[in-house]
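Participant: Supplied in structure tokens, the structure appears directly below.
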Amino acid sequence: MILNASQLNALRQRNDEELRKGRYARHGYPAHTIRDLLHTVEAVKKEKKKWKKLAQERGKALETVREAADSVLDNGN
């Protein structure tokens, strides 16, 4: 199941409420597990952004190398 941003926010809010209740929270509610999963989701989002940026920079670098190689080949002929 894929959750959108508003669903993740709602889950985060509900979980925060359960965590604030402390020992009065519903028995069996996996608040700490859900908190850990939400942290993992945020970490994955950051990693995805990092790799996307890296791929864009790599593409720009390859384009620069391609242009340089083309200009060298054109000047040689």
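Participant: Listed residues 42, 63; which is surrounded by 10 or more Cβ atoms within 10 Å (Cβ to Cβ), of a type in the set (Asp, Glu) and more than 18 Å from the chain's Cα centre (by Cα)? Outline the logic, then answer.
Facilitator: Details: 42 fails: more than 18 Å from the chain's Cα centre (by Cα).
Among 42, 63, only 63 is surrounded by 10 or more Cβ atoms within 10 Å (Cβ to Cβ), of a type in the set (Asp, Glu) and more than 18 Å from the chain's Cα centre (by Cα).
Participant: If you don't mind, there's one more thing I want to ask. Where the second residue is surrounded by 10 or more Cβ atoms within 10 Å (Cβ to Cβ) and of a type in the set (A, V, I, L, M) and the first is more than 14 Å from residue 3 (Cα to Cα) and lies in the range 34-51, which pairs have Cβ atoms under 7 Å and are six or more apart or on separate chains?
Facilitator: Qualifying pairs under 7 Å: 35/19.
Participant: So, one more: Between a first residue in the range 1-29 that is under 19 Å from residue 39 (Cβ atoms) and a second residue that is exposed (fewer than 11 other Cβ atoms within 10 Å of the Cβ), which pairs have beta carbons less than 7 Å apart while being 6 or more apart in sequence or on different chains?
Facilitator: Final answer for the pair search is 18/26.
Participant: Please work out which one of (1) over 16 Å from the mean Cα position of the chain (by Cα); (2) in a helix (DSSP H, G or I); (3) under 26 Å from residue 4 (Cβ atoms) is the condition residue 29 fails and give its number.
Facilitator: The number of the failed condition is (2).
Participant: Does residue 50 meet the test of being part of a helix (DSSP H, G or I) and modelled with pLDDT of 95 or more? Break it down stepwise before answering.
Facilitator: Numbers: part of a helix (DSSP H, G or I): yes; modelled with pLDDT of 95 or more: yes.
Yes; evaluated as a whole, the condition is true for this residue.
Participant: Which one of these does residue 23 not meet: (1) of a type outside the set (Gly, Ala, Ser); (2) outside any helix (DSSP H, G or I); (3) surrounded by fewer than 10 Cβ atoms within 10 Å (Cβ to Cβ)?
Facilitator: (2)
Participant: Hey, another quick one. Restricted to the range 1-16, and to residues that are assigned to a helix (DSSP H, G or I) and surrounded by fewer than 11 Cβ atoms within 10 Å (Cβ to Cβ), which residue is farthest from the chain's Cα centre (by Cα)? So that I can check it myself, show each step before the final result.
Facilitator: First, pick out the residues of the range 1-16 that are assigned to a helix (DSSP H, G or I): 5-16.
Right, trim to surrounded by fewer than 11 Cβ atoms within 10 Å (Cβ to Cβ) and you get 5-6, 13.
Details: 5: 12, 6: 16, 13: 20 Å.
Once the filter is applied, the top-ranked residue is 13.
The values are calculated or read from the model by the stated rules, or taken from the named source; none is laboratory data. In this text, all values refer to a predicted model and were calculated from it rather than measured experimentally. Positions of Cβ are generated from backbone atoms using ideal geometry, with glycine treated the same way; all protein chains shown enter the neighbour counts.
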